[in-house]
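The values are calculated or read from the model by the stated rules, or taken from the named source; none is laboratory data. Computed from a predicted structure; not experimentally measured. Positions of Cβ are generated from backbone atoms using ideal geometry, with glycine treated the same way; all protein chains shown enter the neighbour counts.
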Amino acid sequence: MKDDHEGARKIYQSIGIYLGYTIAHYADFYNIKNLMTLGRVTSGRGGELILEKASKVIQDEFPELTEQITMTTPDEQMKRHGQAVAAASLPICASE
């Protein structure tokens, strides 16, 4: 995405569209209020495109979710450490 490659831009936009529909599908099963996107793929301009498209899908296709779900993104460094953040937030399982 550094050079605004047309093919790369389309891929990121497609990922965003899929993410938007996936969020709506998950909302059929879970009462989602806050959604934090993490991971390196959400960094930079590509990540912005993903989130823009996901938000647009939710806004256009599932307007009832627009007010229910708050999408947030951490700063760039935290995005890149997303897996570690997610792992650190898991509960400790008691060993038998």
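One residue stands out among those in region 1-15 that are closer than 20 Å to ASP75 by Cα and outside any helix (DSSP H, G or I): the one that is farthest from the chain's Cα centre (by Cα), which is LYS2. Within region 44-96, the residues that satisfy the criterion of being closer than 15 Å to TYR18 by Cα and β-branched (Val, Ile, Thr) are ILE50, VAL57, ILE58. Go through region 16-92 and tell me which helices (runs of 4 or more DSSP H), entirely inside it, have 2 or more residues that are modelled with pLDDT of 85 or more and surrounded by fewer than 16 Cβ atoms within 10 Å (Cβ to Cβ). Ranges flagged: 44-61, 63-66. For residues that are under 21 Å from ASP60 (Cα atoms) and among the aliphatic types (A, V, I, L, M), scanning just region 1-15, find the one that is surrounded by the most Cβ atoms within 10 Å (Cβ to Cβ). Only one residue tops the list, namely ILE15.
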